[in-house]
Structure formats: structure tokens, C-alpha cells
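So the structure is just underneath, and the comments pick up after that.
What follows is calculated from the coordinates using simple rules that are stated; it is not laboratory data. All values derive from a computational prediction rather than experimental measurement. Here Cβ is always computed from backbone atoms with ideal geometry, including for glycine, and neighbour counts include all displayed protein chains.
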Amino acid sequence: MNKEQNKFKRYTVTSALPYANGPIHIGHLAGVYIPADIYCRYLRSVGEDVIFIGGSDEHGVPITIKARQQGVAPQDIVDKYHKIIKKSFKDFGISFDVYSRTSAKIHHETAQEFFKNLYDKGEFIERTAKNYYDEKENQFLADRYITGTCPHCDYEKAYGDQCENCGTSLSPTELINPKSALSGNVPVLRDTKHWYLPLDKYESWLREWIVEGHKDDWKPNVYGQCKSWIDLGLKPRAVTRDLNWGVEVPVEGAKGKVIYVWFDAPIGYISATKEWAKETGKDWKPYWKSEDSKLVHFIGKDNIVFHCIIFPSILKKEGSYILPDNVPANEFLNLENDKISTSRNWAVWLHEYLEEFPGKQDVLRYVLTANAPETKDNDFTWKDFQAKNNNELLAIFGNFVNRTIVLTHKYFAGKVPALSNLDEIDKAVINELKTFPDKVASSLGKYRFREAQAQMMNLARLGNKYLTETEPWKQIKTDENRVKTILNISLQICGNLSILCEPFLPFTADKLSKMLNLSKLKWKDAGNENILKSGHQLEKPAYLFEKIEDKAIEEQVQKLLDTKKENAANEVKVNPAKEDVNFDDFSKLDIRTGTIIEAEKVPKTKKLLKLKIDTGIDQRTVVSGIAEYYKAEEIIGKKVSILVNLAPKKLRGIESNGMILMAENEQGELCFVSPTQDFRNGSEVK
RNA sequence: UGCGGGGUGGAGCAGUGGUAGCUCGUUGGGCUCAUAACCCAAAGGUCGUAAGUUCGAAUCUUACCCCCGCUACCA
């Protein structure tokens, strides 16, 4: 990173704005906030001019859905979570210079200014299209607010954007029998005008900037994703929506429309900077508009396209802004082998952790950094959490500091003893000590936080080894000067640790500095073997880390097991009965008993089996989406119920004549609805 | 389906053509200043599968398998 110090005068570091429909969990922390915080703390220690930006993303459809579910206003939802999120970040030591929110006035103004600017320049395309409108609720319906029957698989509860049964992406107009999720009404199509950002026109400069310009310095996952998007061809993207929650579109003829969240959210970084400038009396502009500022976006992998393609396009077209120098996106973190999920409550929530493990912020920071999903998805387990605390933080770091300070108090009344003649081993250790700051800094400059943290820990390992090899507790009997030298050097290592660990373990750094009776040292002081002068008085030793007992871990595991149980219990809710049909309608269905006589997997599909069924009437081919639950060879000979007069349909090029009746539970698991006795094939089901 | 990322000893990772390395765990030994912590040593891997290029492949090529994302704005 040293070279860059010449190139950049200041750093603008953003962390993805958490969506304000839930609290913060370990996935957010490991993916975005901890690495960003480490980076910023390091830069500050080096003495760089850096602003670290965060804030809540408070617009968008999901928040309106949640508000409606709970019968409150969207503002109530975001107020609630913004407060929780902001506090938990603060208590956890995420060192934002500003934590703002997109419902703030300054943000609405900034986003509108941006929109107006691009609008006036004629950057947007205007298109009028027909969208579904709910006449009862007097509003246009977001894709997600429309349900209907999927045209591909006949699933009746498909959403306007996707069918969750067959996984196909849909547009609302493809749905058969669309219904408004708000009122249950049948929506009507109405013309509505929207503005689009013509990303297709930006392809050539994006290609030059990313594909050629950032081939070597962006992470493979980020670069690969961007290249793929650009190669496939970009399409215009709508920047407005028909919704009553968000930043109003500031042009004529846009009543009842708001700026689409993905357009307004990243602008939140800029509005937050303005807010910070106002509070501190500084100028925000250099951080965003000066070529000698380095802009870095910390995000998760799901945000790559927005931060690498769309937001830079907006900045570029506005004209006066700088582009990100790097976008170090992390992959995802799982929890105990399962995807983290807000809606399923499958998470370790930060605000709960802070209450249940008071004073242990650094333990979580350490574990999440050591396990950070930098190159691929990773897993957080409580057992690993315990092991990393007990076997690494405590055993290596905490123990080294403790034994050094305890010995100093024991032999020299807590005063730093003087160095005398250096042996070979002393010189070797001092020389090695000097290499650490650069090693850690070099890894940080490459956004390799795991590696950087491991380097820092190696310094503590060096200390333990040094003590064991020099054995001051034996030397004290014969050679006190020798012990003075050994402890002096050991204490210098402790002093260095307090500096090097600060970006990773800020609370520990603070405790350690106090124990060493040092005022806040900076990065430039590290690598020095004379941080603590001889005669300097130390404070009494205190443990930096405590052992985490099995009981605490078992409680957390039990909490997760309870969540699983609760989820299972919630899932037994049964859908209400559908509308009545008369007997004539029912008797149109011809359902028979039959036997599966052949079965094979349809190649290159996940779910489909090609079956041959003896229906009593004939032997026919049926394609059925059950391969995830039944293996072909297991179901040959199985008795089934089959709808025989369903119109034929081609699936993957194979004509399917009929449908096997299956029951489906809330997990989507399937089970045959079969005759319980060996009934003759072709018997009618009535 | 396509595209992108990943698949390395029990766990987490490094390693882009030349004898497979690190941390934790395990086993044995040493030490006793230290929160049974520390230090040393050992065991443990046919580097997802198969074929190919090469004197030589974890590393390059091709095919396939598995996990995750793009694809419920949950990082």
C-alpha cells in the first residue's frame, strides 16, 4: 500500500447500505462491515485522510410489504431497524465517520438532483408500457404484488417476477389469472411511463474501464462477473417505479412515481458524505470529485453489478464524479451449514450477540475475519467460534501478553527493564519484529484480510516461541541482566501487537495499550524495538480474553435448534380452500389408477423424470417433476393416481400425456397419492 | 439452460508447470513464567472425476460431477 500513498491523497470508503427491514447479522459483518472497518482503521493509523461511510437503505418494495403485513407505515419499519442497526454497529466498534439513512431529507435532495441532472442531459430513455393496476387500491402493482398461474408449470401461486415452483423468470403479463396481492382483485392493464438508463450505450467505456483496466487488481469473482455481464450485452434498466414509498421523481408527468431503489441507494453514499461534511464543517466534494481520492466500495457478491456497472455508469454520465478504484466483494457466509436467512430467523443477530457476549466484540471480529468468505462461501459454526477464541486468541495472543506482563511484575515490579547485550536470538527476533508492519500492510493493501490477521497473530507466536526458548524463569536464578533483556524485548513485542492488532481487534488494542500504559500509538511506531522506554511503569496484568466454556456454546446451539423447531411449526400452516367448483367441473377430470412401468431421468434436468405408465387404458409417457425426491429405479412398479385427460404438453422436448397426482408439503417435498390396495389399473378415481 | 466464482490432509486456507505448504485439531515428547495455556516432533492429502498436452500438471486443454451467485434487493 505504500506506493499508493503517493498516488492518493484521501480515501472514500463505502460499505453496502444494509436494508432496513431487519437487524444486522454475522453475514453482513463478515461480508462487508468488518473488512471495511479493518481497512479504514488501518488507513487512519497510517495517518491517511479517510472517510468511512455507512447508512440504512430504507426504500423499496419489501419494506412496504412488511409495513402492510404489520399494519404500520413504512417509516415506522425503517425507524425501528435504523435505530437497532445504528446502535449495534456503534457498540460493535464499526468506526463509521457517518451512518446516515436514505429517508433523510438531504438524501432525497441529492438523489433528485442526480436524477434531474441526467434527465436534463437527455441520458434517459422514456418508455410507456402497460402495467397492472389495482383499481381498488388505486395503485400500480410491483411484480411481486401480483400472483397468478405460471404458464409453464401451472403452479397457481407464481409471482409476477418468478415462479417459485419451476424457477422460471416471468413478467406479470405472462401470468394466467393474475390477482392483486393487495386486494385480491383482478388487476387491469394501464399505461404507465417510465425512464430507463440505457446501459447498452455504455458498453464500450465499461469494457475499457473494467475488462481492460481492472484485469489485475479486481478480485476474480468481481472481475469475472462484470466481464460476463458486459460480454452478454447490457440492456436499458428502468430507474423509476410506480410506488408511493421512496424518492419522488422530480420531473413533470411523474406523479406517484419514485426513483427505483437501486438508483437511489448508492447515491446514499454521497448524501451521507454531505451530511458528514455539514456536521464537521468540512468539504465533501474532494472525496467524490477529486482524481486523487481513492473510492472503494465494500459489498457482498449479490451487489456486484450495481456497484461495478450501474452506479459507475450513473457517476460517469453525471460527469463530475470519480469512479471506484476497487470493489472488493465478498462471497456469502453460512451458519451451521445452512443459508443465513432473515425471514427464517436463521442468523446470529448482532444486537443479540452483543447482549449475550458482553465485551466480546473482538472475538466475533476475529472469528469472522479468520473465516471471511473472501474467495468462496464459508461457514460459521459455534464450535469453531469457541475453538478460535480458546485456542488462538486466548492461547496465543492473550497468553503471550499475560505471561510477559506477569513476569515483568514478578521480577521488576512492573517497570520496563533495560536492554543490555543482545544475543543472536535477540537480534534475530528484533529483526523479524521489524518485518511485521509491512507484511500486514501488504496483505491489507490487497484486501486479504484473513491473511493480514494471520500475520498479526504470527507476531504473538513469535513472542511465545522467544519466551520458551530463552526461559527467563530459569535465567532469573543466575543472570538477572539477561532476564531484563528478554523481558524488554518481549514487552516491545506486546507494544507492537497493540498497534498491529488495532484494525482487527480495536477493543483489545485499547485494553492492551492501557495495560502497557501507552498512549495511542500509530502505525509508524510499529516495527520499532524501542516503543517502551526502560523504567516505564506498566499497569497490573488483566486477561485480554476469557475462555469460552462449553455451556455458552451449547446455549447458542440450542437457540438455533429452537429456531429450527419454530420454523418447522410455522410451516405446518395450511392454505385455505380454493373457490368452490360444481360437480360438473370436477367430473370433467378423468383420474385413474395406474402403474409406473418404466422410469428414467430426463438428461440435463434437475427435477424431471420420464415415466411410462400403464393406465389400464393404454401405456403412455408422462414427464413428472419429481426427480429430486424419487430415483427412477426406485419407483418402477409403483401404483399411482393419474389424471389421464390433461392436454398433452411438451416438457424438454418430450410429450407428456397426463399428470401423476402428488401431495406437496411446505418444504416442497413430494409424495405419491396412490391407491392403498393393489387396485386394477384404469380404475376411476371419483 | 447460460454465464461467473469455488471444489487442496478432520476443519479453515495458501499455492497458476519442477520434490504438496500454513493455522487449528489429533498423537507423542519437552517446559512449568502463563487462563491445562506455551515450545518441539510426528501422523494425516492419488490437490472434485475422467481423458489429454508436457520430460514433468494442484497449476494448461477438454468433458463431466458437486456447492454458491446472477434468479425473492437477506452480505
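Computed values, structure above
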read-out: Gyration tensor verdict on segment A:379-533 (Cα atoms; rounded if a/c is under 1.5, prolate if a/b is larger than b/c, oblate otherwise); value: prolate
read-out: Anisotropy class of segment A:241-393 from Cα gyration tensor, a/c 1.5 cut; value: prolate
read-out: Peptides A:187-196, A:488-497 ordered by average Cβ neighbours within 10 Å, highest first; value: A:488-497, A:187-196
read-out: Rounded to 10°, Cα long-axis angle of helix A:424-445 versus longest principal axis of chain A; value: 30 degrees
read-out: Whole-Å semi-axes of the ellipsoid equivalent to chain A (Cα gyration tensor, √5λ, descending); value: 57, 34, 22
read-out: Over chain A, relative contact order from alpha-carbon pairs under 8 Å, at least 6 apart, %; value: 12 percent
read-out: Bins of 10 Å, starting at 0 and running to the largest distance - Cα pair percent for segment A:338-397; value: 19, 51, 27, 3
read-out: Segment A:292-385: trypsin sites (Lys or Arg not before Pro) falling in loop per DSSP and having at most 13 other Cβ within 10 Å; value: A:376
read-out: Rounded if a/c under 1.5, otherwise prolate or oblate - segment A:50-122, Cα gyration tensor axes; value: oblate
read-out: Qualifying lysines (Cα of each under 25 Å from Cα of residue A:639; at least 8 residues distant if same chain); value: A:588, A:601, A:606, A:607, A:610, A:612, A:631, A:649, A:650, A:686
read-out: For residue A:15, distant residues with modelled amide H under 5 Å away; value: A:53, A:298
read-out: DSSP beta bridge pairing in chain A, given as percent antiparallel to the nearest 5; value: 70 percent
read-out: Per DSSP, loop GluC sites (Glu not before Pro) in segment A:246-314 with at most 11 further Cβ within 10 Å; value: A:252, A:291
read-out: Kirkwood hydrodynamic radius of segment A:449-549, Cα pairs, Å; value: 14.6 Å
read-out: Rounded to the nearest 20 debye, dipole of segment A:167-228 from Cβ charges on Lys, Arg, Asp, Glu; value: 280 debye
read-out: With Cα atoms, 0 to 90° folded angle of helix A:449-470 axis to chain A main axis; value: 40 degrees
read-out: Leading residue at positive end of dipole, chain A (Cβ point charges), from A:107, A:617, A:675; value: A:107
read-out: Selected from A:59, A:46, A:223, residue furthest toward positive end of dipole (chain A; charges at beta carbon); value: A:46
read-out: Label zone at residue A:91, where the point sits 7 Å out along the Cα-to-Cβ direction: segment A:320-362 residues whose backbone N lies under 16 Å; value: A:348-362
read-out: Residue pairs, from the table A:87/A:524; A:235/A:317; A:339/A:565; A:316/A:446, whose Cα atoms sit over 23 Å apart; value: A:87/A:524; A:316/A:446
read-out: Unit charges on C-beta of K, R, D, E only; dipole of chain A, Debye; value: 1260 debye
read-out: Part-to-part distance (alpha-carbon centres) for segment A:276-328 and segment A:64-102, which is given in Å; value: 23 Å
read-out: Angle in degrees between helix A:261-280 and the longest Cα principal axis of chain A, rounded to the nearest 10; value: 30 degrees
read-out: In nm, spacing of pseudo-spin labels at residue A:138 and residue A:235 (7 Å Cα→C-beta vector); value: 3.4 nm
read-out: Sparse-neighbour loop sites [trypsin sites (Lys or Arg not before Pro); segment A:447-545; at most 13 other C-beta within 10 Å; DSSP]; value: A:477, A:520, A:522, A:533
read-out: Over chain A: helical MRE at 222 nm, DSSP H runs n ≥ 4 each giving -39500 (n - 2.57), nearest 500; value: -11500 deg cm²/dmol
read-out: Local net charge near residue A:439, Cβ-Cβ under 12 Å (Lys/Arg +1, Asp/Glu -1); value: 0
read-out: Residues in segment A:362-392 reached by a label modelled at residue A:510 [backbone nitrogen below 13 Å; 7 Å Cα→Cβ]; value: A:362
read-out: Charge tally in the Cβ shell below 15 Å around residue A:503, where Lys, Arg are +1 and Asp, Glu are -1, residue A:503 excluded; value: +2
read-out: Net charge contributed by nearby residues that have their C-beta within less than 14 Å of residue A:683 (K/R +1, D/E -1); value: 0
